[in-house]
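Participant: The following block contains the structure, expressed as structure tokens.
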Amino acid sequence: MIISVLVTGSPVSQQCAQSALSFCTAALASGHTLYRVFFYEDGVHTGSALTVVPQDERNLNSAWSDFIQQHQLDAVICVASALKRGILNNSEATRYQKPAANLAAGFEISGLGQWVDACLNSDRVVSFGA
Amino acid sequence: MKTLTFLARQAPFGSSSAKSCLDMVLASAVFEQQVNYVFLDDGVWQLVRGHAPDGIAAKNTLAALQALELYGVDNVYALDESMSERQLTQAHLQIPVRLCTRADLGAMINASDVVTAL
């Protein structure tokens with residue numbers, strides 16, 4: 001089955017980004033295809049490369065970044081949500097004259113059209129965080 | 001063409017959910033999909049006319065509800081029990097909507113390809 005995933009909640013204060021990662025891991029292990037993971041609203045914080053967690057806690061952002069790269073997934077951070085929350089890649093940082101970029105490896109910044117496209121091309125769309 | 005159903009459930013200005021839901025609806029309409037936009041629970045407050053969020057330094061993003069017709073989004077619903085619980089009638093709303101029952105909503109969700117609640 002072709003599956004896309006929507007993550008709308010914060011990886012820091014809500015469980016949904018971890019639930020989504022567990023779901024995606026299980027989906028791939030079961031032989032399903034992940035068409036796209038789309039991060040929206042506070043879910044875009046998952047794409048920050050600058051999170052620091054206590055030593056005895058898991059860095060969920062790093063776990064997502066590693067997972068995306070390992071499986072070469074299409075992982076899209078919504079541009080409108082991201083810019084407001086200070087999640088920037090190099091080109092956006094340059095465009096808006098900000099002092100740094102912080103988008104983690106594996107993520108891409110794009111628009112809501114990517115989410116609609118995912119809906120059109122997937123057998124199932126599963127939301128986490130609403 | 002797929003049927004995409006959106007459930008707007010949050011009050012309009014306490015969080016960014018209302019605007020995010022509306023943005024998704026408009027993006028889906030641009031892709032010329034069949035869109036159902038349903039307001040329920042505190043989400044029905046999003047429909048009320050005369051919001052003046054200047055006083056809380058917020059933008060009246062819901063003025064864009066007026067654009068739904070332009071985008072071809074004709075299936076706009078409010079859950080009747082959410083309206084009546086809050087003593088709202090169609091006369092309080094800034095756009096015309098169809099009232100639906102919980103059973104109607106269940107059937108609508110059942111007939112949808114994708115359901116997104118925000």
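The values are calculated or read from the model by the stated rules, or taken from the named source; none is laboratory data. Please read these numbers as outputs of a predicted model, since none were measured by experiment. All Cβ positions, even for glycine, are placed from backbone atoms using ideal geometry, and neighbour counts span all protein chains on display. Accessible surface is based on the protein model in full, side chains and every heavy atom, while ligands, DNA and RNA are left aside. Shrake-Rupley method; radii C 1.70, N 1.55, O 1.52, S 1.80 Å.
Participant: Where the centroid of each part is defined by its Cα atoms, how far is region A:64-130 from region B:75-107 in Å?
Facilitator: If we compute the Cα centre of each part, the gap is 34 Å.
Participant: Can you tell me the relative contact order of chain B? Whole percent, Cα pairs under 8 Å, sequence separation 6 or more.
Facilitator: On the way: 196 pairs, mean separation 43.9, N = 118.
Reported relative contact order: 37 percent.
Participant: List the lysines whose Cα lies under 25 Å from the Cα of B:LYS2, skipping any in the same chain that are fewer than 8 positions away.
Facilitator: Within the straight-line limit of under 25 Å, B:LYS2 reaches these lysines: B:LYS19.
Participant: Summarise the accessible area of the protein assembly as shown (1.4 Å probe, protein heavy atoms) by the percent that is carbon and sulfur. If you can, show how the numbers build up before the last one.
Facilitator: Numbers: 5880 of 12030 Å².
Accessible surface attributable to carbon and sulfur in the protein assembly as shown totals 49 percent.
Participant: If you don't mind, another one. In square nanometres, what is one fourth of the surface area of the convex hull spanned by the alpha carbons of the protein assembly as shown? Spell out each step's value before the answer.
Facilitator: Details: hull surface 60.0 nm².
That works out to 15.0 nm², a quarter of the Cα hull's surface.
Participant: Right, something else. I want to verify the translational diffusion coefficient of chain B in µm²/s; compute it with Stokes-Einstein, Rh as the Kirkwood radius over Cα pairs, at 37 °C and 0.692 mPa s. Walk me through the numbers before you get to the answer.
Facilitator: Values: Rh = 14.2 Å.
Rounded, D is 230 µm²/s.
Participant: What average number of partner chain Cβ atoms lie no more than 10 Å from the Cβ of the residues making up B:25-37? Walk me through the numbers before you get to the answer.
Facilitator: On the way: counts 0, 1, 8, 6, 1, 3, 6, 1, 3, 0, 0, 0, 0.
Taking all residues of B:25-37 together, the mean is 2.
Participant: At A:ASP123 and A:ASP74, where each label point lies 7 Å from the Cα along Cα→Cβ, what is the point-to-point distance in nanometres?
Facilitator: About 1.7 nm separates the two model spin labels.
Participant: If R₀ is 25 angstrom, what is the calculated FRET efficiency for the pair B:GLN87 and B:GLN66, using the beta carbon separation as r and rounding to 0.05? Spell out each step's value before the answer.
Facilitator: Values: r = 24 Å, r/R0 = 0.96.
Plugging the Cβ-Cβ distance into 1/(1 + (r/R0)^6) gives 0.55.
Participant: Then there is this: Under the definition of Cα pairs under 8 Å and six or more residues apart, what whole-number percent is the relative contact order of chain A? Each step should come with its number before you reach the end.
Facilitator: Working: 243 pairs, mean separation 47.1, N = 130.
Rounded, it is 36 percent for chain A.
Participant: Listed highest first by mean packing, meaning other Cβ atoms within 10 Å per residue, what order do B:48-60, B:11-23 come in?
Facilitator: On the way: B:48-60: 10.5, B:11-23: 19.5.
Packing order, densest peptide first, comes out as B:11-23, B:48-60.
Participant: Can you say what percent of the DSSP beta bridges in region A:19-130, counting only those with both residues inside, are antiparallel? Round to 5. Write out the running numbers ahead of the final one.
Facilitator: Values: 1 of 8 bridges.
Of all bridge pairs located within region A:19-130, approximately 10 percent are antiparallel.
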